[in-house]
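J.: I have a structure here, written as structure tokens, and I will follow up with some questions on it.
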């Protein structure tokens, strides 16, 4: 049996040196022992201390290359409180010689065992971040903070930097049975094991904390097992609030029953004079014929003519001067338009703006609106996919488009795409065949059809895109010429 | 004496805030107090500092600034017509409590909400003032979650986003009709517009590639909302459709589901019964399936009956029992998306399987070491030395995989 003595329970460098020497000497895992100096481990009859080897030659060093994953794993594993962790670490090191990918084979018995223990170590570290409770003390330098904590694994040194980052401007100490950590505002130091009586026994704010803990608990939702799964009983003795648990649990059913059984009392008399007005009484009438664009705007927000309002954020009305000679009608608001409440501000809007500019049309002279005022879509994860409104929805929304046309009285109405054409003409047009040709409307204005700018965005082929954009701008320029 | 008053207020205003299920303190930008004048850090993963016997975690100091309110929402303990004891914190009292709790490592930060007093603008201003004081006077770098008062001026929402990690406006009721009936002063359109503003703000704060000047911060922890379950008649499928629409529309980090809980001094128009906790649990599971497992709301609905999720089995199992023709799945070959659909396989287990099968062909025993319980999974997979045979199509499969009683026992 080969024996190595380590300086402490978490002496990773000592273990690494010894394990390297063992592997160089060909010591089988079953024959290797690691003991911590000062512990009561009795030496075996045939134990042979292994003397420190001379530093290995470069060739030997190459033979000892281990994957970084192993070193990371072992550094955490050594913090586990199990006595046989050194052996597991050495067994993994030994096996790496023939199985260089071993650490990636997480279904392997040894690797799975190591990962399970590492998980427990990480959890202990996480719970330390959660369950350390500082108490305030005063000393010569002013206020300082002291906590007594008993971690299930040896995670003090691994976890202390977290407290350093979080409480940089406080002087604090964390005392544990394994050792202590001290932060004085400048340096983090570690010291000897401590005992509970070295930490303060109380803190005046703790009563507030207990009050909060008790008040935030909902007795109608008792789930003790869930609580214990996350806050194991072993932690309770150092958590001031945990003392309340038995009492809160015992009283919960009575509290809930009283709540449920108590008849609804008379409303508070303050009610009558303090209450804010009922919004839904004052909802604008969506059936009244709009007399101006403001009526259209408020009417659209209250519109229930089709179900599209449900999943949309808001109705999006047209924008532009009341005296506009050109009205441009799109299909419906898109994702961005729905959020911001303004027509044609998204990607298609940018294409339109650029094309208008090239055709010599000032967008601020144009009234821009949509055939359908709410965004029809389908949720797909974190996004919303556009869906084409159906004929019924277009028909329902004509009430608003017709109102806009009646109030603006444009000379020319430019319909972008088939949906806008449908809303304007009452029939589904063949956009590609009919584009650019003037169509007389019953109110004396002229309709012109062209493609929707989002069509340009969807074309995959650059050459086709360039050509489609040229034709689109040509249609716009023709409209501009028509208006003189 | 003054201290006693403050403790009483804390009790009233914590009690008043506890029906909001949100507690998360994760997912915000990383920062710490090194080099600062104050305290506080956020490192990605949130920390739950305590758990109460209702199984919920305490991560943040969750309180109302005041529980006086001019609204009359039937489901809310703080509605104007309720006889509940009222209280109001000063801005400094909240700031001191937050710092005192934080220094003792009780909390990750503050979750501040409020009843509506005077107006939406005034109330939001007060909430923003607390956050501003914590950040600017005390250089507090912990987590702050502010409740949005949807009616407030967009400028105040902008300020809130500057100081807070997370913002939330609660939709509260899955059905708009119910909101109009039970919360006559609230308008779902106004709530949605506030959520839109937050999404646009969060997106605008993300620096574009190669952008030299960083845009000002805006709610780096995103936004969330809450739906109350069981106060209106909405079935589960409708609730999940609603959630899908909210996730897609407003980039929410979370939708919280809160089983309607009997409240003291409750309104007579609401159900007075124990909260439907199992239903809430199933909805959370379904929500997880939508966010991490590639399920759509309609797919989950396929496993429901009359719009309600099965309370006896989890929604993924319910779906799989209906879709047995898609099973068994070969753990050694199936794409990740299909492994995610195997009942009993979580995201972590799937990632482990995908990673290890590059080096080894998996046996059932190996799968067992990569997952929590192989017994539940067995009927739905094949491995090198395992095929479920007729088990996948067995008539009593549902009973076999749910043999353990789901009822939880009290340990006291």
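Laboratory data are not the source of any read-out in this text; all were calculated from the coordinates shown. Fair warning: this is a prediction, and the values are worked out from it, not measured in the lab. Because the Cβ atoms are built from the backbone with ideal geometry, glycine has one as well, and the counts that use them run over all protein chains shown.
J.: Let a ≥ b ≥ c be the square roots of the eigenvalues of the Cα gyration tensor of segment B:84-234; is it rounded (a/c under 1.5), or, if not, prolate (a/b larger than b/c) or oblate?
T.: Taking the square roots of the gyration eigenvalues as a ≥ b ≥ c, segment B:84-234 is oblate.
J.: Shifting gears a bit: Quick check: residue separation of residue A:139 and residue A:247 times 0.36 nm, minus the Cα distance between them. What number comes out in nm?
T.: 35.3 nm
J.: Quick one: go through segment B:346-379 and flag any residue whose amide nitrogen is under 15 Å from the point 7 Å out along the Cα-to-Cβ line of residue B:394.
T.: Answer for this model: B:374-379.
J.: Another one. Taking 45 Å as R0, compute the FRET efficiency from the Cβ-Cβ separation of residue B:312 and residue A:238 and round it to 0.05.
T.: 0.70
J.: Between residue B:29 and residue B:7, what's the calculated FRET efficiency when r is the beta-carbon distance and R0 is 22 Å? Round to 0.05.
T.: 0.05
J.: Another question, if that's okay. Per-residue ellipticity at 222 nm for chain A, helices alone: DSSP H runs ≥ 4 residues times -39500 (n - 2.57), over residue total, nearest 500 deg cm²/dmol?
T.: -12500 deg cm²/dmol
J.: So for the pair residue A:430, residue A:210, with labels modelled 7 Å out along Cα→Cβ, what separation do we get in nm?
T.: Distance between label points: 8.5 nm.
J.: Also, quick follow-up: Starting from the Cα gyration tensor of segment A:139-283, take the square roots of the eigenvalues, sort them a ≥ b ≥ c, and report rounded, prolate or oblate (rounded when a/c is under 1.5, otherwise prolate if a/b is larger than b/c, else oblate).
T.: Here segment A:139-283 falls in the prolate category.
J.: Round to a whole angstrom and tell me the spacing of the C-alpha centers of segment A:292-351 and segment B:217-253.
T.: Cα centroid of segment A:292-351 versus Cα centroid of segment B:217-253: 24 Å apart.
J.: Based on alpha-carbon centroids, what's the gap between segment B:74-125 and segment B:260-287 in Å, whole number please?
T.: 23
J.: Subtracting the Cα-Cα distance from 0.36 nm times the residue separation, let me have the gained length for residue A:302 to residue A:353 in nm, one decimal.
T.: 15.4 nm
J.: Most exposed first by the Cβ proxy, i.e. fewest other Cβ within 10 Å, how do B:145, A:452, A:153 rank?
T.: In order of increasing Cβ crowding within 10 Å: A:452, A:153, B:145.
J.: Still on this structure, please answer the following. Taking the beta-carbon count within 10 Å as an exposure proxy, list A:36, A:448, B:198 from fewest neighbours to most.
T.: Final ranking by Cβ density, sparse to dense: A:36, A:448, B:198.
J.: Take residue B:212 and residue B:181, extend 7 Å from each Cα along the Cα→Cβ direction, and tell me the distance between the two endpoints in nm.
T.: 6.0
J.: Can I ask one more? With a ≥ b ≥ c the root eigenvalues of the C-alpha gyration tensor of segment A:289-350, is it rounded (a/c under 1.5), prolate (a/b larger than b/c) or oblate?
T.: The shape class here is oblate.
J.: Let me ask something else about it. Students often check this: by mean Cβ neighbours within 10 Å, which of B:378-386, A:252-260 ranks highest, and how do the rest follow?
T.: Going from most to least packed, we get B:378-386, A:252-260.
J.: While we're looking at this one, here's another question. Can you tell me which of A:192-205, A:101-114 comes out highest on packing, and rank the rest after it, using the mean Cβ neighbours within 10 Å?
T.: Ranked from most to least packed, the peptides come out as A:101-114, A:192-205.
J.: With a Förster radius of 51 Å, plug the Cβ-Cβ distance of residue B:96 and residue B:348 into 1/(1 + (r/R0)^6) and report the FRET value to the nearest 0.05.
T.: 0.80
J.: With springs connecting C-alpha atoms under 10 Å apart, model chain B as a Gaussian network and identify which of B:73, B:23, B:57 has the largest mean-square fluctuation.
T.: Of B:73, B:23, B:57, the most mobile in the Gaussian network model is B:57.
J.: Could you order the peptides A:84-92, B:288-296, A:385-393 from most to least packed, using the average number of other C-beta atoms within 10 Å per residue?
T.: Taking the mean over residues of other Cβ atoms within 10 Å, the ranking is A:84-92, B:288-296, A:385-393.
J.: Here's a follow-up. By DSSP, what percent of the beta bridges with both residues in chain A are antiparallel, rounded to the nearest 5?
T.: Bridges in chain A that DSSP calls antiparallel: roughly 45 percent.
J.: Which residue fluctuates most in the GNM of chain B (Cα springs below 10 Å): B:240, B:317, B:397?
T.: Greatest mean-square fluctuation among the candidates belongs to B:397.
J.: Once both labels are modelled 7 Å past Cα along the beta-carbon direction, what's the residue A:461-residue A:411 spacing in nm?
T.: The two pseudo-label positions are separated by 3.8 nm.
J.: For peptide B:72-83, how many partner chain Cβ atoms fall within 10 Å of a residue's Cβ, on average?
T.: For peptide B:72-83, the averaged partner shielding equals 3.
J.: Give, in nm to one decimal, the length gained when the segment between residue A:198 and residue A:470 is fully stretched (0.36 nm per residue of separation minus the Cα-Cα distance).
T.: Result for the pair: 89.7 nm of gain on full extension.
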